[in-house]
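Colleague: This is the structure I want to talk about, given as structure tokens.
The values are calculated or read from the model by the stated rules, or taken from the named source; none is laboratory data. Since the model is a prediction, treat every value here as computed from it, not as a measurement. Cβ coordinates were reconstructed from backbone atoms using ideal geometry, including for glycine residues, and neighbour counts include every protein chain displayed. Calculation scope for accessible area: heavy atoms of the full protein, side chains included, ligands and nucleic acids excluded. Shrake-Rupley method; radii C 1.70, N 1.55, O 1.52, S 1.80 Å.
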Amino acid sequence: MSEERFGEFVLVRRHEQRHVAELALDRPKAMNAVSTEMARSIADACAALGEDRSVRVVVVTSTHERAFCVGADLKERNSFNDAELVRQRPVARGAYTGVLELPVPTIAAVHGFALGGGFELALACDVIVADMTAVVGLPEVSVGVIPGGGGTQLLPRRVGAARAAELIFTARRVDAGEARELGLVDQVVEAGRDREEALALGARIAGNSPVGLRAAKRALRLGHGLDLRAGLEVEDAAWRSVAFSGDRAEGVAAFNEKRKPEWPGE
């Protein structure tokens, strides 16, 4: 395993043998509240991971024992004048879109508080694994703003428009059990096992074709919300991008030879 730090508050661990990269939020003194500096580091880390062809899965974790991420750094925000807030906005957006636009499957490992922008970072991932201590929510309207890291768009895609409206309008916090029932998270595991289980899931996913994984994610993301005919065209384009790849040839050969594939990744 290798480690690389992006700024002061983001640590990337590459689990090379499993082709899994871990993007760890590492601002424990502030429960991973996302400051301008931290947002920039998340975006930079995502850009590097997106270009690394050896990475097949990214798992977003936290080094804080009691929180995944409590959202935007409101102490920093309170010091901004209007012009500073406007200038900071694209930097903040870059963190959320950085995670959202990663070309490989992504998993959030959530424990403790995942609120506001913290929950939006999780929502930007493809799968959310939470432990029993998790508390999630989008409380932005309670402080006079709205979810601005993708929450108003990503949450209804998970749970439907009416449920998302209720959760956003009430600003309420949801514990792990109810979050699983509502579809806010995908798996609930024993306390303290979110990272372990997310990394294990990541390793299982990473055993598949890297070309296939990227194409499948692209089809899922681009096809969402389209009518069926348009969605099937998106799928067909993704299929064509893998049909004549080295991974496809290796996958078919390995299946027929009853052996584990050695993916060329191209």
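Colleague: State whether the residues of region 240-247 include one that is within 18 Å of Glu101 (Cβ to Cβ) and assigned to a helix (DSSP H, G or I). Quick ask: steps written out before the conclusion?
Modeller: Applying the first criterion (within 18 Å of Glu101 (Cβ to Cβ)) to region 240-247 yields 241.
Next, only the ones that are assigned to a helix (DSSP H, G or I) stay: 241.
Scanning region 240-247, I find at least one residue that is within 18 Å of Glu101 (Cβ to Cβ) and assigned to a helix (DSSP H, G or I), so the answer is yes.
Colleague: Tell me, yes or no, whether region 250-258 has at least one residue that is open to solvent by 60 Å² or more (accessible area, probe 1.4 Å) and of a type in the set (Val, Ile, Thr).
Modeller: Filtering region 250-258 for residues open to solvent by 60 Å² or more (accessible area, probe 1.4 Å) gives 252, 255-258.
This time we only want the ones that are of a type in the set (Val, Ile, Thr), so: 252.
Yes, because at least one residue in region 250-258 is open to solvent by 60 Å² or more (accessible area, probe 1.4 Å) and of a type in the set (Val, Ile, Thr).
Colleague: Which members of region 155-164 meet the condition of being surrounded by fewer than 21 Cβ atoms within 10 Å (Cβ to Cβ) and either in contact with a helix residue (DSSP H, G or I) (Cβ under 8 Å, 6 or more places away or on another chain) or under 13 Å from Asp186 (Cβ atoms) (or both)?
Modeller: First pass over region 155-164, keeping only residues surrounded by fewer than 21 Cβ atoms within 10 Å (Cβ to Cβ): 156-163.
Across region 155-164, the qualifying residues are Pro156, Arg158, Val159, Arg163.
A quick yes/no check of all residues on (1) open to solvent by 100 Å² or more (accessible area, probe 1.4 Å); (2) β-branched (Val, Ile, Thr); (3) on the phi > 0 side of the Ramachandran plot; (4) not assigned by the TED database to the domain that holds Arg18:
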{"residue": "Gly202", "(1), (2), (3), (4)": "no, no, no, no"}
{"residue": "Lys217", "(1), (2), (3), (4)": "no, no, no, yes"}
{"residue": "Leu226", "(1), (2), (3), (4)": "no, no, no, yes"}
{"residue": "Val234", "(1), (2), (3), (4)": "no, yes, no, yes"}
{"residue": "Ala238", "(1), (2), (3), (4)": "no, no, no, yes"}
{"residue": "Asp247", "(1), (2), (3), (4)": "no, no, no, yes"}
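Colleague: On the given criteria, is Gly149 crowded, with 20+ Cβ neighbours inside 10 Å, in contact with a Phe, Trp or Tyr (Cβ under 6 Å, 6 or more places away or on another chain) and assigned by the TED database to the domain that holds Cys69?
Modeller: Considered against the rule, which asks whether it is crowded, with 20+ Cβ neighbours inside 10 Å, in contact with a Phe, Trp or Tyr (Cβ under 6 Å, 6 or more places away or on another chain) and assigned by the TED database to the domain that holds Cys69, Gly149 comes out as yes.
Colleague: Given the criteria at pLDDT 95 or above and farther than 30 Å from Ser241 by Cβ, does Arg180 qualify?
Modeller: Yes, satisfied.
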